[in-house]
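Here is the structure we will look at, set down as structure tokens.
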Amino acid sequence: SDLEILQAAYPDEVDILCDTDAINLDNSPDDLIPLFPLRFQLNLPTEIDSTTRQPNSSPKCFIIMEIPLGYPTKDKIRIESYRLTSTSIPNSCIEKTVSAVREMSQECFENKEEAALTICQIATTTWEETMESFAADSVGSQEIDLTDNNTSNDNAKNVERTSIKWITGSILTDRKSKFQAHICEIKNESMVRLALEELYDSNNKIQRATHNMYAYRLKEKVQSASSDKKEQEILKHDNDDDGEDGAGSRLAQLLEMRNEDGVLIVVSRWYGGIHLGPKRFAHIVNVARELLVYFHET
């Protein structure tokens with residue numbers, strides 16, 4: 001089942017290196033033993049797009065992993081081999097990614113959890129982070145570094161795309177999951193979609209977050225339909241969970257309690273492989289609240 005999930009989630013990045021047709025869950029355990037370990041290859045892009053400074057889809061780096069007999073309760077996913085064929089990228093990029101994979105595999109094993117999908121998520125996220133950092137260093141870029149808690153706010157304040165200015169908060173980490181809030185001022189409802197596009201396009205890591213839940217609230221003045229043509233103030237608001245059921249409504253409630261006007265708040269979550277339960281909602285609201293306070297103080 002893990003291999004099927006991997007193929008569905010990463011159709012272009014994952015190659016299955018075993019005969020999946022021979023794996024039949026109706027078979028007895030003894031019949032399945034010769035098929036193990038089950039092997040798959042995760043391909044990672046190594047070329048950097050000169051315009052976006054993001055990795056493109058040329059797979060010159062890969063990690064081959066194996067699922068042993070007894071997984072996930074008696075054994076863990078192991079790295080069989082890995083290779084970086086590009087001479088323009090330092091080995092530290094792949095080594096950091098491999099280290100993250102091994103750490104997550106061990107953590108999932110200790111929790112007796114299936115790890116294949118989580119490991120691929122961690123591998124691709126870590127690889128993208130290291131590639132973005134490498135690309136930024138190569139061109140002297142001042143790209144926002146989402147892993148730097150001390151400088152992300154200052155850097156983000158200086159990033160202005162068209163008339164939309166985003167401010168990014170510090171990262172909160174709990175058991176490998178990361179939470180980070182982003183906020184911008186909006187003057188009308190049509191700005192919401194444009195602002196979200198600007199945020200997602202500004203950094204690939206935000207775009208690849210497990211969830212990007214948001215809420216907005218503003219008061220717009222519209223001309224009355226009555227004969228006096230007086231202006232009326234209309235409250236406009238909405239939210240989106242982005243797969244984290246109930247998160248958007250909690251952000252909307254926060255904006256309502258604070259009587260916010262003209263703000264769009266987004267909270268990104270990168271899932272770390274461990275279920276946090278209701279605690280995740282507290283983190284989502286807390287990072288949003290902290291950034292709202294900072295936003296109004298600046």
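The values are calculated or read from the model by the stated rules, or taken from the named source; none is laboratory data. What you are looking at is a predicted structure, and each value in this text was computed from that prediction instead of being measured. Here the Cβ positions follow ideal geometry from the backbone for every residue, glycine too, while neighbour counts run over all protein chains shown. These area figures cover heavy atoms from the full protein model, side chains too; ligands, DNA and RNA do not enter into them. Shrake-Rupley method; radii C 1.70, N 1.55, O 1.52, S 1.80 Å.
Just a few scattered comments:
- Cross-chain or 6+ apart pairs with Cβ under 6 Å, the stretch 230-241 first and closer than 24 Å to MET213 by Cβ and free of Cβ contacts under 8 Å to residues at least 40 places away in the same chain, then open to solvent by 70 Å² or more (accessible area, probe 1.4 Å) and part of a strand (DSSP E or B): LEU235/LYS219
- Scanning the stretch 161-213 for residues being of a type outside the set (Phe, Trp, Tyr) and in a strand (DSSP E or B) gives a total of 19.
- Every residue from the stretch 98-132 that is of a type in the set (Phe, Trp, Tyr) and surrounded by fewer than 22 Cβ atoms within 10 Å (Cβ to Cβ): PHE109
- Qualifying positions in the stretch 249-298 - touching a Leu at 6+ places or on another chain (Cβ under 8 Å) and over 15 Å from ALA181 (Cα atoms): ARG258, GLU260, ASP261, GLY262
- Screening ASN27 with (1) at pLDDT below 80; (2) open to solvent by less than 70 Å² (accessible area, probe 1.4 Å); (3) not in a loop (DSSP other than H, G, I, E, B) gives one miss only, at (3).
- Residues that are crowded, with 18+ Cβ neighbours inside 10 Å, among the hydrophobic types (A, V, I, L, M, F, W, C) and over 24 Å from THR118 (Cα atoms), drawn from the stretch 193-220: ALA195, LEU196, LEU199, ALA215, LEU218
- Extreme residue, modelled with the lowest pLDDT, among residues of the stretch 133-149 that are in a helix (DSSP H, G or I) and open to solvent by 30 Å² or more (accessible area, probe 1.4 Å): VAL139
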